[in-house]
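In what follows, a single structure is set out as structure tokens and then discussed.
None of the figures in this text is laboratory data; all of them are computed from the coordinates on show. This structure is a prediction, so every number in the text was calculated from the model and none was measured. Quick reminder, even Gly has a Cβ in these numbers, built from the backbone with ideal geometry, and neighbours come from all protein chains shown.
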Amino acid sequence: MTRDFHRRQFLGVAATSAALVSGAARAEERAQEKAAATKSAAIIHQPKPLTFDPKSIGGLSEKILVSHYENNYVGAVKRLNAILEQLASLDFDKASGFQINGLKREELIARNSMILHELYFAGLGAPNKPGAALAGAIGRDFGSFDRWRAEFVGIGKALGGGSGWVLLAYDKHGERLVNSSASDHTQNIAGAAPILALDMFEHAYHLDFGAKAGDYIKTVMSTIDWSNADRLFEKYSKV
Ligand SMILES: [Fe+2]
């Protein structure tokens, strides 16, 4: 009788332990499934490689280009992915306004930093001239290439004391090219798609030029590869 009792007691404990273990395993499995679903719901962005040899850009050192790429561009992509994961798992019904505001604001900053850095790097390379279609549109919308250049450079110099972006963009609302000034990553004309970017944040030039922003701008203007801007102009101006 006593032996039977102990046997039943032992089996009972064993069954409880097994249930606890299998319950813990199921909880772990569910947590893993949730994490995987969160990851797949958040679109994970991969950094794009540089399209040029960082040793090959006249006037801009390999050191500054690699530092800019790794720290500022890749850093923005990683930050964006981390923010998107948090947003994917956020319960919007229960989250506070400041939580949602903070994450969406940071998403915008990181997303635009990613996009604009890709545009900046894609515009550097073996210098050439805009293709016929883009050159024609620049002449039509700015009067001449020299006038476009003077505006673009002037906007960059004006930002030189602070930071920001100079953007050549196709304004789909006005159906014309525009130069715009952005004092941070979040400013762009609504409806305009940037096709060429000049990074005026100090990290883009200080290692090579110190505070001489004008020399940096002159250097970038002499090493613009227009092929990506041509491709984007073609794409956006037809929409
Ligand atoms: Fe930058």
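Given H placed 1.01 Å from N in the peptide plane, which residues other than close sequence neighbours of I224 have an amide H under 5 Å from its amide H?
N128
Counting Lys +1, Arg +1, Asp -1, Glu -1, what net charge surrounds G58 among other residues with beta carbon under 15 Å of its beta carbon?
So the surrounding residues net to -2.
Using unit Cβ charges (K, R positive; D, E negative) and no other charged atoms, how large, in debye to the nearest 20, is the dipole of segment 62-122 about its Cα centre?
I would put it at about 120 debye.
If amide H atoms are built 1.01 Å from N in the plane of the peptide, which residues on other chains or at least 5 residues away come under 5 Å of the amide H of D171?
R176, L177, V178, A193
Please list, in order along segment 85-101, the HN-Hα scalar couplings obtained from phi with the Karplus expression 6.51 cos²θ - 1.76 cosθ + 1.60 (θ = phi - 60°), rounded to whole Hz, x for Gly and Pro.
Whole-Hz 3J(HN,Hα) from phi for segment 85-101: 5, 5, 5, 5, 9, 6, 8, 5, 6, 9, 5, 6, x, 5, 5, 5, 4.
Tell me, what does the Kirkwood hydrodynamic radius of segment 91-146 come to in angstroms if you use every pair of distinct C-alpha atoms?
Value: 15.0 Å, from the Cα pair sum.
Which semi-axes, in whole Å and largest first, does the equivalent ellipsoid of segment 132-239 have when worked out from the alpha carbon gyration tensor as the square roots of 5 times its eigenvalues?
24, 15, 12
Principal axis lengths of segment 62-122 from Cα atoms, whole Å, largest first?
The principal-axis extents, from largest down, are 48, 15, 15 Å.
Give me a comma-separated list of calculated 3J(HN,Hα) values for segment 198-214, in order, Karplus coefficients 6.51, -1.76, 1.60 applied at θ = phi - 60°, integers in Hz, x for any Gly or Pro.
After applying 6.51 cos²θ - 1.76 cosθ + 1.60, I find 10, 7, 10, 7, 4, 4, 7, 9, 4, 4, 8, 10, x, 8, 7, 4, x Hz.
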